[in-house]
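Everything on this sheet refers to the single structure shown next.
The values are calculated or read from the model by the stated rules, or taken from the named source; none is laboratory data. Model, not experiment: these values are computed from the prediction. Cβ coordinates were reconstructed from backbone atoms using ideal geometry, including for glycine residues, and neighbour counts include every protein chain displayed.
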Amino acid sequence: MNEEKTQELIQRFKQGEEKAFNELVNLYKKKIFNLVLRMVRNKEDAMDLTQEVFVKVYHSLKDFRGQSSFSTWLHRIAVNLCLNFTQRDKFRSFISLPDLVQPVISSSSPLKDFEKKELDKAIDRAVSNLPKKQRAVFVLRHYQELPHSEIAKVMDKSEGTIKANYFQAIKKLKKSLAHFVE
Amino acid sequence: MGCKKIKLKLVDYYENSLSPEERKLIQAHLETCSNCQKEFQKIKSTFELLKTESPFEAEELYRTNFVSGVRSKIDKGKETAVEIFPKWKIAGAFITFLFVIILGIFLFRIDQKVIFKAGEETYTYLIPTEDESIEKFIYTEGYDGSYAFLFTDTEKKKLTVLEEELEEDYWERAGREEAFRELDLEELKNLKKNLEKIKFKKEIL
């Protein structure tokens, strides 16, 4: 994300330009939606929660002093909302993400498409079965491609704790996906 | 470095996040140990498999007017705050909140307890006092008291199991107290099961 552009938008918003907030939302909405979707695995909830994230940002942005980067701060709000949400609604009926959102599959063979979808489902199921903190760390590392040090800041934990959670997550995924690997 | 320690570092090795010295050490070990090589191949294949997952198009973000949705929630929130929370209610809630915080700090000081939630159940983890080692006192319980582990200095075996379950090196990096709080309900149940096996063996003997 363009840090300079972000800072400029934050300044403009703090000076009272409401339109700058809309631009900020447009700049980060896709990244945050993808994070939330991977965490809660439900399209409608993800849409709703992503909007909640930005509502929270709107109310807190004037007090944002920039001790951490905006991106870290934004990710922290999103992850905390998702963790609270999964705690509340943790045992929703299981519908795999590939069934809910149309994945981008480009293949000419129907059989390959079918196999690909099955694999996507297996990966989704394995990720969904991770304990929520491990899932959060895995999503931030694997899908959002954040370094461990950044995840530690987002989740307000030590880097050691993040690495431990990530290691546990990979160990569990290796076990769940063993059938496809061997 | 033995195989056990090497295996704990294979994820970092794959991600290239080790120091050059550690990397060399692992590399040299992998060249001679087929067992660790196999383990590394499994980790590598898992990562490669995860990379094949199809990306998702966030089409909803563009089909609907996302920003308008955020804006209407902001406006709705403002209205609701005025309607539902008149000033005297906010003041009352603030005083209650302060009271709860003060009470919480008071209780925490007395019992040195950390209360945390894992799934549906609340666990209480008693922090040992400074002169007590953690080996002496690790205790958790569910609200029904069904998950309780108590360690004494004589129960070294239990501690070993605990450490193994917590993946020694990795959890120790996080610190045992922190690691313990990171466990979820399933992991706590497994831990309890393994600890109970030891107790069972003792009774037979």
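So that you can scan it fast, the table gives a plain yes or no per residue for (1) closer than 30 Å to residue A:127 by Cα; (2) touching a residue at least 40 places away in the same chain (Cβ under 8 Å); (3) in a helix (DSSP H, G or I); (4) among the small types (Gly, Ala, Ser):
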residue	(1), (2), (3), (4)
B:17	yes, no, no, yes
B:26	yes, no, yes, no
B:72	no, no, yes, yes
B:76	no, no, yes, no
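Would it be correct to say that residue B:98 is at pLDDT 80 or above and in contact with a Cys (Cβ under 8 Å, 6 or more places away or on another chain)? Walk me through it before giving the result.
On the way: at pLDDT 80 or above: yes; in contact with a Cys (Cβ under 8 Å, 6 or more places away or on another chain): no.
So residue B:98 does not fit the description; no.
Which one of these is touching a helix residue (DSSP H, G or I) at 6+ places or on another chain (Cβ under 9 Å) and farther than 30 Å from residue A:23 by Cβ: B:40, B:56?
Working: B:56 fails: farther than 30 Å from residue A:23 by Cβ.
Result of the check over B:40, B:56: B:40.
Taking the condition assigned by TED's automatic domain parsing to the domain that holds residue B:10 and at pLDDT 85 or above, does residue B:72 pass? Working first, answer last.
Values: assigned by TED's automatic domain parsing to the domain that holds residue B:10: no; at pLDDT 85 or above: yes.
When the stated conditions are applied, residue B:72 does not pass them.
Which ones in the range B:30-50 are closer than 26 Å to residue A:114 by Cα and either facing chain A (nearest Cβ under 9 Å) or of a type in the set (Ser, Thr, Tyr) (or both)?
Kept after step one, since they are closer than 26 Å to residue A:114 by Cα, are these residues of the range B:30-50: B:42-50.
The answer is B:42, B:43, B:45, B:46, B:47, B:48, B:49, B:50.
Between A:68, A:107, which is more than 24 Å from residue B:73 (Cβ to Cβ), surrounded by 15 or more Cβ atoms within 10 Å (Cβ to Cβ), more than 9 Å from chain B (Cβ to nearest Cβ) and modelled with pLDDT under 90?
Numbers: A:107 fails: surrounded by 15 or more Cβ atoms within 10 Å (Cβ to Cβ).
From the options A:68, A:107, the qualifying one is A:68.
Answer yes or no as to whether residue A:112 is more than 9 Å from chain B (Cβ to nearest Cβ), out of contact with any Phe, Trp or Tyr (no Cβ under 8 Å at 6 or more places or on another chain) and modelled with pLDDT of 70 or more. Walk me through how you get there before you give the answer.
Values: more than 9 Å from chain B (Cβ to nearest Cβ): yes; out of contact with any Phe, Trp or Tyr (no Cβ under 8 Å at 6 or more places or on another chain): yes; modelled with pLDDT of 70 or more: yes.
When the stated conditions are applied, residue A:112 passes them.
Among B:118, B:81, which is at pLDDT below 80, within 14 Å of another protein chain (Cβ to nearest Cβ), under 30 Å from residue A:45 (Cβ atoms) and under 29 Å from the mean Cα position of the chain (by Cα)? Walk me through how you get there before you give the answer.
On the way: B:81 fails: under 29 Å from the mean Cα position of the chain (by Cα).
Sole residue among the options that is at pLDDT below 80, within 14 Å of another protein chain (Cβ to nearest Cβ), under 30 Å from residue A:45 (Cβ atoms) and under 29 Å from the mean Cα position of the chain (by Cα): B:118.
Could you list, in sequence order, the residues of the range B:31-45 that are buried (at least 16 other Cβ atoms within 10 Å of the Cβ) and more than 16 Å from residue B:8 (Cβ to Cβ)?
Residue satisfying the conditions is B:45 alone.
Out of the residues in the range B:21-76 that are within 28 Å of residue A:178 (Cα to Cα) and aromatic (Phe, Trp, Tyr), state the one that is nearest to the chain's Cα centre (by Cα).
The selected residue is B:47.
More than 30 Å from residue A:168 (Cα to Cα), within 14 Å of chain A (Cβ to nearest Cβ), loosely packed, with under 10 Cβ neighbours inside 10 Å and of a type outside the set (S, T, N, Q), is that true of residue B:63? Show your work before the answer.
Numbers: more than 30 Å from residue A:168 (Cα to Cα): yes; within 14 Å of chain A (Cβ to nearest Cβ): yes; loosely packed, with under 10 Cβ neighbours inside 10 Å: yes; of a type outside the set (S, T, N, Q): yes.
Considered against the rule, which asks whether it is more than 30 Å from residue A:168 (Cα to Cα), within 14 Å of chain A (Cβ to nearest Cβ), loosely packed, with under 10 Cβ neighbours inside 10 Å and of a type outside the set (S, T, N, Q), residue B:63 comes out as yes.
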